[in-house]
Amino acid sequence: MLRQAATTFTVETRGRGLVEFTRPVAAWVAQQGVATGLLTLFVRHTSASLLIQENADADVRADLERFFARLVADGDRIFRHRAEGADDMPAHVRAALTAVHLSIPVVARSLALGTWQGIYVWEHRLRPHRREVAVHLAGDIGAAS
Amino acid sequence: MLRQAATTFTVETRGRGLVEFTRPVAAWVAQQGVATGLLTLFVRHTSASLLIQENADADVRADLERFFARLVADGDRIFRHRAEGADDMPAHVRAALTAVHLSIPVVARSLALGTWQGIYVWEHRLRPHRREVAVHLAGDIGAAS
Amino acid sequence: MLRQAATTFTVETRGRGLVEFTRPVAAWVAQQGVATGLLTLFVRHTSASLLIQENADADVRADLERFFARLVADGDRIFRHRAEGADDMPAHVRAALTAVHLSIPVVARSLALGTWQGIYVWEHRLRPHRREVAVHLAGDIGAAS
């Protein structure tokens, strides 16, 4: 029978950039004793994203950051919303261009991530923030843990 | 026990721009009497998006619009698909760059939206359209309404 | 009662570009005998995406490809991650700008796709690849097939 579980993760960011949190997510899913199901993550902010991206070469994350910094420049004169700083409106645009939620199937007791896929919070503001991620899991929870 | 509910929202747009519909979505979820669950919205069009974005300062939406209008210019000579107007192919590109579906956990009888997060249909065509959003909710529906 | 089903699709790409796989997905959903539910697709790679896009005019797909090739240029000097080829880091950026998962409601025994919406794997690498898509379905499965 299908059941559900829910929790909230808090991810501390160190300013703009990617923070991986694949391990705590995988550990929580494993604790629920689910063999098959669907995990959904949702970031409760408009200036941070969730990203599935390569976790092998740190250059990939640095290149992603450089690309987005050029695409959505801090202090771009096109932006009128500047009260919260030159990095605030670019953060909203970056959030719109990426994802605020992820849904990942659980297969054979594991997240169906590919070999090189990690789960990241992408902080778009320059300063560190505490980001909340709402988490929902549906599946055959507790069936055989 | 996990149950599900489904409906369709129709959102009338006034041409290019964001139309918030957080309230009717939240009201429908509340009517289902769900304490914990997962809401999914899916826009049934290829020239409109769904967006979670700041609902406080209208400048944010205007800035988003300006940024995307510059990034994906109407009438760009790169586009060959022009039969439906100079804004049609840009609308498809904007849809590809943003989201056509959203999944939001329901926690403690409410959508797990952050303080400043609103749910929007983003109309990418210049003229008004009637946009259909398919809605699915799974959760402990009707358990204690 | 809500049940679930899961499978994996393998999509062979022919190098950079869109490969539609709406039919096999719709056929698999139909086989599960579900009237109402939620389908989720998740691509297990960091250099390919899933896309809902117009399936009528092939020019739309060609224009999308041209736009993204200009936006994220192969061999851009900004990228340091080049070990796997000039198209590899652009592929990661394109994946970040688009979607790695899709959730589509099932309504009245069919995917709630709009008239012109097709489901695509978007290959971002220049060479052909075999892409795995993890699939999850929750709904009144087998209730009345």
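The values are calculated or read from the model by the stated rules, or taken from the named source; none is laboratory data. Computed from a predicted model, the values in this text were never measured in an experiment. Positions of Cβ are backbone-derived with ideal geometry, glycine not excepted, and every protein chain shown enters the neighbour counts. When the accessible area is computed, the model is the full protein with side chains, heavy atoms only, and any ligands, DNA or RNA have been set aside. Shrake-Rupley method; radii C 1.70, N 1.55, O 1.52, S 1.80 Å.
Which longest run of chain C has no exposed loop site in it, a site being trypsin sites (Lys or Arg not before Pro) in a DSSP loop with at most 11 other beta carbons within 10 Å, and the site itself not part of the run?
Details: sites that count: C:14, C:77.
Answer from the scan: C:78-145.
Pop out the Kirkwood hydrodynamic radius of the protein assembly as shown from its pairwise C-alpha distances, inverse of mean 1/r, in Å to one decimal.
21.6 Å is the Kirkwood radius here.
If I compute solvent accessible area with a 1.4 Å probe over the protein chains, what percent of it on the protein assembly as shown is carbon and sulfur?
48 percent
Need the C-alpha centroid separation for segment C:31-110 versus segment B:30-102, integer Å.
What the calculation gives is 16 Å, centre to centre.
Using a probe radius of 1.4 Å on heavy atoms only, what accessible surface per residue do you get for chain C? Whole Å² is fine.
Ligands and nucleic acids excluded, the figure is 38 Å² per residue.
Net charge within 13 Å of residue C:129 by Cβ-Cβ distance, Lys/Arg positive one each and Asp/Glu negative one each, not counting residue C:129 itself?
For residues surrounding residue C:129, the net value is +1.
Given Cβ point charges of +1 (Lys, Arg) and -1 (Asp, Glu) and nothing else, what value in debye, to the nearest 20, does the dipole of segment B:22-145 about its Cα centre take?
Numbers: 14 positive and 13 negative charges, 57 e Å.
In total the dipole reaches around 280 debye.
Which one of C:135, C:100, C:60 has the biggest mean-square fluctuation once chain C is modelled by GNM with Cα springs under 10 Å?
Its mean-square fluctuation being the largest, the pick is C:60.
Is the C-alpha gyration tensor of segment B:26-72 telling us rounded, prolate or oblate? Criteria: a/c under 1.5 is rounded; beyond that, a/b larger than b/c is prolate, otherwise oblate.
oblate
For a Förster distance of 30 Å, can you work out the FRET efficiency between the beta-carbons of residue C:115 and residue C:31, rounded to the nearest 0.05?
Result of the calculation: an efficiency of 0.80.
Which one, C:64, C:47, C:22, projects farthest toward the positive side of the charge dipole computed for segment C:1-82 from Cβ point charges (K/R +1, D/E -1)?
C:47
Taking both sides together, what accessible area is buried at the B/C interface, probe 1.4 Å, expressed in Å² and rounded to the nearest 100?
On the way: alone 8270 and 8270 Å², together 13770 Å².
Separately minus together, B and C give about 2800 Å² buried.
Taking 0.36 nm per residue of sequence separation and subtracting the Cα-Cα distance, how much length would be gained by fully extending the chain between residue A:66 and residue A:127, in nm to one decimal?
Numbers: separation 61, 0.36 × 61 = 21.96 nm, distance 1.70 nm.
Separation in residues times 0.36 nm, less the Cα-Cα distance, equals 20.3 nm.
Could you run the Karplus curve 6.51 cos²θ - 1.76 cosθ + 1.60 with θ = phi - 60° over segment C:122-136 and give me ³J(HN,Hα) per residue in whole Hz, x for Gly and Pro?
For segment C:122-136, the Karplus-derived couplings read 9, 7, 9, 7, 6, 8, x, 9, 9, 10, 9, 10, 7, 10, 10 Hz, x marking Gly and Pro.
Using bins 5 angstrom wide from zero, how does P(r) for segment C:1-127 break down, in % of all Cα pairs?
Pair shares across the bins are 2, 10, 19, 21, 17, 13, 9, 5, 3, 1, 0, 0.
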